[in-house]
Amino acid sequence: MGIDPFVSWGTPSESESQEGSGPLAGVRLAVKDVFDVAGTPTGAGHPRWLETHDPAGEDAVAVARLRAAGAVLAGKTHTDELAYSLGGTNQHYGVPENPAAPGHVCGGSSSGSAATVAAGRADLGLGTDTAGSIRVPASYTGLYGFRPTHARAPREGIVPLAPTFDVPGLLTRDLALLREAARVLLDGSGSGTATRLCVPADLWTDQSPRVGAALAPAIARLGLPVHRTPVGHDVTDAFAIAQAAQAWHCHGEWITRERPEFGPGVGARFRRGEGLTREEVTLARKALDEAADRIRVLLDGGGILVLPTAPGAAPALGRPEDRRLMTLRLNCLAPLSGSPALSLPAGLLDGRPLGLSLMAARGHDEVLFDLAARI
């Protein structure tokens, strides 16, 4: 049995629930509990964090922008522990059940926001995406999930995990609402056109043929030439090292002082971050810089990288994170290159939603919405 995706300490006041004016007037907004909301504690998925931090003095910039445009706060939502997971589970609070696939997880770490939007209890979900934490829940719950260009996204007022990769992102059932919310959230306006689809042979052949078959019709409807150039070397472990090093840098002092209990997966990742050497981190960073250069070449001149958002549909409740590394491999390319990515509901596998991810060159966020409209 899943938990209510809204946290008990994030219930909006009557004034916060009043409809404002603007392009998002009346849109019900669910906010992942790593964003500051004025007067409300930020729990970050861990009861010890909740106990050791005062309520926020002001809204995170992302929250403030959406509310200024008329969005109505529906509440704050559960997340995985310190947002350091793609599993959609939490050792302390439990698991929000997937409304689109009962008996299955929503995926993490923006699990609560995805659950509320998929259930129709909110129209717009605000979450974060460090390594797929918007896109994976979107895939599992049949939503649109948008990770913006890193440089265009406001990150003030968010509990960090790995600041080089962290960005706020959006979840919706409706593409038109997603486009409007992105316009409100992001700095500046994008440019560019899509000229070709990069469907890398190495990453697609690593997936189940059933995943490819389920997503092939959506790729065909995009109506662009397909190139099969491989992405190249697998940098999943390098990304995990860089992420762990930053996560320990952000939270190591608090963890050492407060000795919080973590679930086994999250705890192991923090321990890895604690034990990394400077040489390991330097080598990982070099590998990621080289991978980012390869991605930029693929995307130059209107290339769109096309990938499954996840290696399968949502796992059953209680199932371990046995697909984490492949999920990370598919989703780490956008954060390591700072590129925008959009997961769109594009197929079904065993009756459960399956997302297709589109990734564009940095600053070309709006191109992704144009492409998604074709599907």
(request) Restricting attention to segment 72-82, report how many residues are hydrophobic (A, V, I, L, M, F, W, C) and open to solvent by 10 Å² or more (accessible area, probe 1.4 Å). (result) 2
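Okay, residues lined up against (1) over 26 Å from LEU325 (Cα atoms); (2) assigned to a loop (DSSP other than H, G, I, E, B); (3) in contact with a Cys (Cβ under 8 Å, 6 or more places away or on another chain); (4) open to solvent by 10 Å² or more (accessible area, probe 1.4 Å):
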| position | (1), (2), (3), (4) |
| --- | --- |
| GLY94 | no, yes, no, yes |
| PRO102 | no, yes, no, yes |
| VAL117 | yes, no, no, no |
| ARG121 | yes, yes, no, yes |
| PHE146 | no, no, no, no |
| ALA151 | yes, no, no, yes |
| PRO168 | no, no, no, no |
(request) Read through the list (1) modelled with pLDDT of 95 or more; (2) closer than 19 Å to LEU203 by Cα, then give the number of the only condition that LYS286 fails. (result) (2)
(message) Under 8 Å between Cβ atoms, which residue pairs at least 6 apart in sequence (or on different chains) link something in segment 203-227 that is within 22 Å of GLY301 (Cβ to Cβ) with a partner that is hydrophobic (A, V, I, L, M, F, W, C) and in a helix (DSSP H, G or I)?
(response) LEU203/LEU330; LEU222/LEU371; VAL226/ILE219
(request) Scan segment 269-286 residue by residue and report those that are farther than 16 Å from HIS46 by Cα, assigned to a helix (DSSP H, G or I) and open to solvent by 30 Å² or more (accessible area, probe 1.4 Å). (result) ARG271, ARG272, GLU274, GLY275, ARG278, GLU279, GLU280, VAL281, THR282, LEU283, ARG285, LYS286
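Taking the conditions exactly as written (touching a residue at least 40 places away in the same chain (Cβ under 8 Å), surrounded by fewer than 24 Cβ atoms within 10 Å (Cβ to Cβ) and under 20 Å from ASP174 (Cα atoms)), does PRO47 satisfy them or not? Write out each step before concluding.
Working: touching a residue at least 40 places away in the same chain (Cβ under 8 Å): yes; surrounded by fewer than 24 Cβ atoms within 10 Å (Cβ to Cβ): yes; under 20 Å from ASP174 (Cα atoms): no.
So PRO47 fails the test.
Look through SER191, SER133, SER139, SER113 and report the one residue that is buried (at least 24 other Cβ atoms within 10 Å of the Cβ) and part of a loop (DSSP other than H, G, I, E, B). Before you say what the answer is, go through the steps one by one.
Numbers: SER191 fails: buried (at least 24 other Cβ atoms within 10 Å of the Cβ); SER139 fails: part of a loop (DSSP other than H, G, I, E, B); SER113 fails: part of a loop (DSSP other than H, G, I, E, B).
Only one candidate qualifies: SER133.
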(request) Determine if segment 332-340 includes at least one residue that is open to solvent by 10 Å² or more (accessible area, probe 1.4 Å), within 20 Å of THR195 (Cβ to Cβ) and of a type in the set (Gly, Ala, Ser). (result) no
(request) Please list, ordered by first then second residue, the pairs with beta carbon atoms under 7 Å, 6 or more apart or interchain, first in segment 100-125 and acidic (Asp, Glu), second assigned to a helix (DSSP H, G or I) and surrounded by fewer than 24 Cβ atoms within 10 Å (Cβ to Cβ). (result) ASP123/LEU177
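From the list ARG155, ARG179, ARG183, which residue is basic (Lys, Arg), part of a loop (DSSP other than H, G, I, E, B) and closer than 19 Å to ALA69 by Cβ?
ARG155
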(message) Among the numbered criteria (1) part of a loop (DSSP other than H, G, I, E, B); (2) closer than 24 Å to ARG152 by Cα, which one does ASP322 miss?
(response) (2)
(request) Go through segment 297-310 and give me each residue that's more than 11 Å from MET359 (Cα to Cα), touching a residue at least 24 places away in the same chain (Cβ under 8 Å) and surrounded by fewer than 18 Cβ atoms within 10 Å (Cβ to Cβ). (result) ASP300, GLY301
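Tell me, yes or no, whether segment 49-71 has at least one residue that is of a type in the set (D, E, K, R), in a helix (DSSP H, G or I) and under 20 Å from the mean Cα position of the chain (by Cα). Explain how you work it out, then say what you get.
First, pick out the residues of segment 49-71 that are of a type in the set (D, E, K, R): 51, 54, 58-59, 65, 67.
Subsequent filtering for residues that are in a helix (DSSP H, G or I) retains 51, 65, 67.
In the following step, the residues that additionally are under 20 Å from the mean Cα position of the chain (by Cα) were identified as 65.
Yes, there is a match, as at least one residue in segment 49-71 is of a type in the set (D, E, K, R), in a helix (DSSP H, G or I) and under 20 Å from the mean Cα position of the chain (by Cα).
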(request) Please specify each residue of segment 202-236 satisfying the condition of being touching a Pro at 6+ places or on another chain (Cβ under 7 Å), open to solvent by less than 30 Å² (accessible area, probe 1.4 Å) and not in a helix (DSSP H, G or I). (result) GLN207, VAL231
(message) Going residue by residue through segment 179-192, is there one that turns out to be of a type outside the set (Ser, Thr, Tyr) and closer than 25 Å to ARG324 by Cα?
(response) no
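The values are calculated or read from the model by the stated rules, or taken from the named source; none is laboratory data. This structure is a prediction, so every number in the text was calculated from the model and none was measured. All Cβ positions, even for glycine, are placed from backbone atoms using ideal geometry, and neighbour counts span all protein chains on display. For accessibility, only protein heavy atoms count, side chains too; no ligands or nucleic acids. Shrake-Rupley method; radii C 1.70, N 1.55, O 1.52, S 1.80 Å.
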